[in-house]
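The structure is given below, and queries will be raised subsequently.
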């Protein structure tokens, strides 16, 4: 269970969802009961029937920023800039007046240190450090970087979603965002949360399901494949997280009352487990989460999980395999393929309890 090839499966390319479901909660939901191994097939809106009164639902309220910028090198030629660490850039902006952070640069010839990049509205940027896979870029924005990013940035969709139509790209600004997104900083959506609507959240509230937010700014590293043949040698990416005192208190109170902690998405799971002690009691705080969960991990806080279908050989598939059982998860994936479920970010969901 530690070999990379243990986490592969066959997925026809046409099963990869290119568009969101017309109505978020009308997407499909594969229900897995760990106690019996029984699989059930539902619409996502039926999650309100599957959750229990007094369950505590933990959501990731990060907001995806339009982190993809298209510009031109001062020396000529198009260039694409992807903001990687928005939070660090905003900290730098507050301290120095300049937005500066790690960026991925995509061009026919990547600019070296000192290279200039030109954007709309007279905005310029300079490469202040050139690394092998990443560049540190400083932006000069007369009217402020956040305003410029919101006006000219594009949502950085996963590489398996293809966009040619500009109208579709504009649609993604709304559809690739959860209805409860609040804290700006992610470059990828916590996609399990994309299935919720405001009406569904209200229905859960009326039922007595408590909702608690935390924040994990999903980074580009979520798309980086595991490359080590022994997965235990993989170095997981780090992502900024924040758990408030109120959130920690409410989660701990639920555990004390023996209520279920239901995590929405692998991002919520990683934070919950990262900040939990051996008894599952969470602590408030902020920092960088670098917890890699794979089979053999003992979950301390998470009782149930709502998640999407994940890429073969990905760290997210390994996390889900740790939460249930690797072979049974792959069997469930095979059934999902046979029943025409839609996969990955804009695809359907699973509920594992």
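Readers should treat all values here as calculations from the given coordinates under stated rules, not as data from a laboratory. Note that the structure is predicted; figures quoted are calculated from it, not measured. Cβ atoms come from the backbone with ideal geometry, glycine included; neighbour counts cover every protein chain shown.
Quick check on packing: order 305-312, 272-279 by the mean number of other C-beta atoms within 10 Å, highest mean leading. Mind dumping the intermediate values first?
Details: 305-312: 24.0, 272-279: 16.9.
Descending packing order for the listed peptides: 305-312, 272-279.
Could you tell me the relative contact order of the chain? Use alpha-carbon pairs under 8 Å, at least six residues apart, and round to a whole percent. It would help to have the intermediate numbers written out before the result.
On the way: 734 pairs, mean separation 86.4, N = 353.
Relative contact order here is 24 percent.
Moving on to the next point. Under a 10 Å cutoff between Cα atoms, tell me which one of 333, 180, 297 has the largest fluctuation in the Gaussian network model of the chain.
For the chain, modelled as a Gaussian network with Cα springs under 10 Å, the answer is 297.
Only Cα pairs under 8 Å and at least 6 apart count here; give the relative contact order of region 68-152 as a rounded whole percent. Spell out each step's value before the answer.
Numbers: 165 pairs, mean separation 22.3, N = 85.
Rounded, it is 26 percent for region 68-152.
So for region 1-56, Kirkwood radius off the Cα pairs, Stokes-Einstein at 10 °C and 1.306 mPa s: how many µm² s⁻¹? Working shown, then result.
Details: Rh = 14.4 Å.
Once the numbers are plugged in, D ends up at 110 µm²/s.
Related question: Return the calculated 222 nm mean residue ellipticity for the chain, to the nearest 500 deg cm²/dmol, obtained by summing -39500 (n - 2.57) across DSSP H runs with n ≥ 4 and dividing by the residue count. Mind showing how you got there, number by number?
Details: 9 runs with 86 residues, N = 353.
Helix contribution divided over all residues of the chain: -7000 deg cm²/dmol.
Angle check, please: helix 198-207 long axis (alpha carbons) against the longest principal axis of the chain (alpha carbons), in degrees 0 to 90, nearest 10.
Rounded to the nearest ten degrees, it is 30.
Going by Cα centres, region 138-206 and region 275-353 are how many Å apart?
Taking the Cα centre of region 275-353 as reference, the centre of region 138-206 is 23 Å away.
By how many nm would the segment from residue 74 to residue 14 grow when fully extended, if each residue of separation counts as 0.36 nm and the alpha-carbon distance is taken off?
Numbers: separation 60, 0.36 × 60 = 21.60 nm, distance 4.02 nm.
Length gained, residue 74 through residue 14: 17.6 nm.
Taking only Cα atoms, what is the 0 to 90° angle, nearest 10, from helix 166-175's long axis to the longest principal axis of the chain?
Between helix and principal axis, roughly 50 degrees.
A further question on this structure: Cut-off is 10 Å between beta-carbons; in what order do 165, 348 appear when sorted fewest neighbours first?
Working: 165 9, 348 24.
Fewest to most other Cβ atoms nearby, the residues stand as 165, 348.
Where does each of 97-103, 126-132, 2-8 land if you order them by average Cβ count within 10 Å, highest first?
Details: 97-103: 19.6, 126-132: 13.6, 2-8: 15.3.
The most tightly packed comes first, giving 97-103, 2-8, 126-132.
In a Gaussian network model over the chain where Cα atoms closer than 10 Å are linked, find which of 91, 303, 35 has the largest mean-square fluctuation.
Answer for the Gaussian network model of the chain: 35.
Highest mean first, what order results for 58-68, 215-225, 11-21 on Cβ atoms within 10 Å? Please report the intermediate quantities before stating the final value.
Working: 58-68: 23.1, 215-225: 20.6, 11-21: 15.0.
The most tightly packed comes first, giving 58-68, 215-225, 11-21.
If contacts are Cα pairs under 8 angstrom and at least 6 residues apart, what is the relative contact order of region 14-76 in percent?
20 percent
What is the angle, in °, between the Cα long axis of helix 326-338 and the longest principal axis of the Cα atoms in the chain? Nearest 10 is fine, range 0 to 90.
80 degrees
How would you classify region 68-152 from its alpha-carbon gyration tensor, with a ≥ b ≥ c the square roots of the eigenvalues: rounded for a/c under 1.5, else prolate if a/b is greater than b/c, otherwise oblate? Mind showing how you got there, number by number?
Working: a/c = 1.71, a/b = 1.25, b/c = 1.37.
Since a/c reaches 1.5 but b/c is at least a/b, the shape of region 68-152 is classed as oblate.
While we're looking at this one, here's another question. Given the options 194, 168, 51, which has the most mean-square fluctuation in a GNM of the chain, springs set between C-alpha atoms less than 10 angstrom apart?
168
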